[in-house]
1. For Lys70, list the aspartates and glutamates whose Cα falls under 15 Å from its own Cα; do not include residues on the same chain fewer than 8 positions away.
2. Using alpha-carbon pairs under 8 Å, 6+ residues apart, how would you state the relative contact order of the chain in percent?
3. Amide H to amide H, which residues 5 or more places from Ser22 or on other chains are under 5 Å from it, using H placed in the peptide plane?
4. To the nearest µm²/s, what D does Stokes-Einstein give for the chain at 20 °C and 1.002 mPa s, using the Kirkwood radius over alpha carbon pairs as Rh?
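Where a number appears in this text, it was derived from the coordinates with a stated rule and is not lab data. Remember, it's a predicted structure, so these values are computed and weren't measured experimentally.
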Amino acid sequence: MMTRDNIASHELIGLEAQIVDSDNKQLVGIAGKIVDETKFMFTLDTNRGLKKFPKESTHWKFIFNGGEAKIDGTKLTKRSYERIGVKA
């Protein structure tokens, strides 16, 4: 079960996400559904279409199962299968 404490070890595609802080202040507040993920980027389906955002230098808020969690993006800079502990 996904919780605030273990969200980084779960699949994030499909979750609603929002940038709550960033070195690039123009990104703060952008939100959407995560539709793809690479080692260093999230692709969000925003109200302006598909956009890619860096994981590093941003703080993210994820909404799941009626809860939410805020995570420093540097803790997410791995490929999804590496982060969730699956061997490739």
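1. List returned: Asp5, Glu16, Asp21, Glu56.
2. 28 percent
3. His59
4. 166 µm²/s
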